[in-house]
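For reference, the structure is listed below as structure tokens.
The values are calculated or read from the model by the stated rules, or taken from the named source; none is laboratory data. All values reported here derive from a predicted model rather than from experimental measurement. Note that each Cβ is placed from the backbone with ideal geometry, even for glycine, and that neighbours are counted across all protein chains shown. Remember, those area values only see protein heavy atoms, side chains included, never the ligands or the DNA or RNA. Shrake-Rupley method; radii C 1.70, N 1.55, O 1.52, S 1.80 Å.
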Amino acid sequence: MATPTSTRTRFVVEELLRRIGTGDAGHIAELYAEQGDWRLDWPEAEHGRPATPWIRHRSTRADAAAHYRELAAHHVPDQAATEVERVLVDGTDAVVLGEIRQTARPTGRAYRARFALHLTVENGLITRHHVYEDSLAVAQAFEPARG
């Protein structure tokens, strides 16, 4: 049986997924707390590289908006899809499982990457955003061609 907290968490997570689908970075970021814990499971040495600037830790709502803008700028919009397979909710925590399909704008290479997104929702806003994804698939799609 869902608790009121779990129901609120699920609502925010489903709204986040809906807004991500629209691509409006500012509107997406409104669901994030002013301060939060945003982590990506990538090697630290790879964070913020020019080819993948969205891959770095974040801590503010403005950072969240920047993430979605940077992500969009580096991918071909008409060649992207996300399949959400499951949303698991327990109180303030939620885990979204699925697969992204994108095409890297600089190289034209398509890739698929499985992901898990761990979110925490407090007072109606996302305070934790931790991403676990197939970083190798993403990195290879953005890797310059070898001559």
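Observations, loosely collected:
- Antiparallel DSSP beta bridges within the chain, percent to nearest 5: 85
- The angle between the Cα long axis of helix 4-22 and the longest principal axis of the Cα atoms of the chain comes to about 30 degrees, rounded to the nearest 10.
- Most mobile listed residue (105, 49, 39) in the chain, GNM with C-alpha springs under 10 Å: 49
- The Cβ shell under 14 Å around residue 78 holds other residues with a net charge of +2, Lys and Arg each +1, Asp and Glu each -1.
- Accessible surface for residue 90 stands near 120 Å², nearest 10, in the context of the full protein assembly shown (1.4 Å probe).
- Rolling a 1.4 angstrom probe over the protein heavy atoms with all chains in place gives region 21-146 an accessible area of 53 Å² per residue.
- Ordering of 14-22, 130-138 by packing is 130-138, 14-22, highest average first (other Cβ atoms within 10 Å, averaged per residue).
- The chain - percent of accessible surface contributed by carbon and sulfur, probe 1.4 Å: 52
- Labels on offer are [x] 10.1; [y] 11.5; [z] 8.5, and the one holding mean projected area of the Cα convex hull in nm² computed from this structure is [z].
- Per-residue SASA remark: residue 107, around 50 Å² accessible (1.4 Å probe; ligands, DNA and RNA not included).
- Extension gain from residue 83 to residue 37, taking 0.36 nm per residue of separation minus the Cα-Cα distance: 14.1 nm
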